Structure formats: structure tokens, C-alpha cells
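Take a look at the structure set out below.
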Amino acid sequence: MRMSNESPPLAIKGTPEQIADRVRTEIEEGRLAPGTSLNQAELAARFGMSRIPVREALRHLAAEGYITYRPNKGAVVSAMSAEEIEEVIEIRECLETRIMDHAVDRLTPEALDEASAALDALNRARTPAQLNGAHQRFHAILFRAARRPRMAAIVESWRFRLDVDPDVEGERRRAFARATREVHRRLLDACHKRDRKSVAKSVRDEYEIIRATMSKQG
């Protein structure tokens, strides 16, 4: 599978970090599906620059797990089996449970207000970008209180792997947002009450919805 030629022109300066950010976003939004070949020459032409920053950007993405290198195919967008996806879900659930356990007693009234505003934004979101951004922001605000940035980074860096098929129109994201609305409300309420058991249950409940979503997707 080759890269689509329908992507709009890119107005960037072309540092490796900027290229990696743009390609990463396209992978997360489903515009570059698992198995898509990322040809260095094509990317260089698309960004209007030499292959050197492109090569470095691909190295960044490979280190993050977004792409893999295959014999005779070069760089391709990473794909995962059902078993690998289930393992990722399990890893993230374990880490998020621990993060939220650390966060409960450290969430300030200001942080809780910020999380509440982020949840309101998530409930109003409609486009794929709005849904993805608002959902990540809601959890990131809660994670920040835990003071476990490495653990939080692992959870966030594996988030994209749960989209195994393109979702350019955002139908799955909208369905997931509807399905988790009550869980997110209960999570925030439990955080206000410093109720560790209810926080942990809310985390488990969200991951059960994730599993059900992935089962339908498969």
C-alpha cells in the first residue's frame, strides 16, 4: 500500500521534528493506515526538501513504534495482531490504574476545574481532531497530578495503536465518546471525592469499553 497523493500541501520548515509530528498525526488520524509504505524519496518530494531530515524523522517514528522497517519494503506504518493489541490494552490499563491511584490525593481544586472544562469540551466535540484532542487533554490533566510523567508518556504513546483501521470520518471516535461519557463523569466525580476504589473501577470500566470497541472493529 502506497502513500495517498491526496494530502494537502504542507507549510512547514522541514525540521525532522516537524516532519515526524505531521506524519505521526496522519497515522493517528487514520490517513496513513497500518502497512502503508513510507518512501523516503516520496516524502522528501512532498515536503520539498532533501532526504536527510526525512530519514531522521523516520528514525524518531521508528523509536516511538509508529513505523517499522521490513526487508525489501523499507519503512511501513506499524500493524499489530489481535493478541498484541490486547497486550497493549492490558499494559495501558495497569499503568493508568497506578497513575490515577497516585493522582487522587494530589488533584487540586484548580486541576479538577480544568478537568471538568476539558470533559465539557469532550462532550461537545464532533470532529475527529476535536474528539482526539479533548479526550487526551481530559486524561492528561488528571495524569499530571500523579507526578509520574514517564508512566503517563507510555500510556499516551501507545494510544494510537488501538486504531487498527482508518477512522478518517471519526465515526468510531464519536461512538467511543458516547459510550464513555458516563464513565468519564463517574471518574471525575470519584476524583472530587478522593474515592480510590471508584476511581479504579472507572478506569476498569473505560478499558472494558475499549475492549468491546476493539472487538467490534476486529
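Here are some notes:
- Of all residues in region 42-66, those satisfying the criterion of being farther than 16 Å from Asp21 by Cβ and outside any helix (DSSP H, G or I) are Gly48, Ser50.
- Taking region 6-55 as the range and being touching a Phe, Trp or Tyr at 6+ places or on another chain (Cβ under 8 Å), closer than 22 Å to Glu171 by Cα, of a type in the set (A, V, I, L, M, F, W, C) and at pLDDT 85 or above as the test, only Val23 passes.
- Condition check for Ala146 on (1) surrounded by 13 or more Cβ atoms within 10 Å (Cβ to Cβ); (2) assigned to a loop (DSSP other than H, G, I, E, B); (3) not assigned by TED's automatic domain parsing to the domain that holds Asp195: one failure, at (3).
Let's see how each residue does on (1) surrounded by 13 or more Cβ atoms within 10 Å (Cβ to Cβ); (2) touching a Phe, Trp or Tyr at 6+ places or on another chain (Cβ under 9 Å):
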position	(1), (2)
Leu107	yes, no
Ala115	yes, yes
Arg126	no, no
Ala134	yes, no
Ala152	yes, yes
His184	yes, yes
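- Enumeration of residues in region 67-79 that are assigned to a loop (DSSP other than H, G, I, E, B) and closer than 17 Å to Arg31 by Cα: Ser78, Ala79
- All positions within region 168-189 that are touching a Leu at 6+ places or on another chain (Cβ under 9 Å), outside any loop (DSSP other than H, G, I, E, B) and under 12 Å from Asn132 (Cα atoms): Arg173, Arg174, Phe176, Ala177
- Considering each residue of region 85-93 in turn, none proves to be at pLDDT below 90, in a helix (DSSP H, G or I) and farther than 30 Å from Ser202 by Cα.
- Number of positions in region 18-52 that are among the small types (Gly, Ala, Ser), under 15 Å from Gly65 (Cα atoms) and buried (at least 20 other Cβ atoms within 10 Å of the Cβ): 1
The values are calculated or read from the model by the stated rules, or taken from the named source; none is laboratory data. What you see is a predicted model; the values in this text were computed from it and never measured. As a convention, Cβ positions derive from the backbone with ideal geometry for all residues, glycine included, and neighbour counts pool all protein chains shown.
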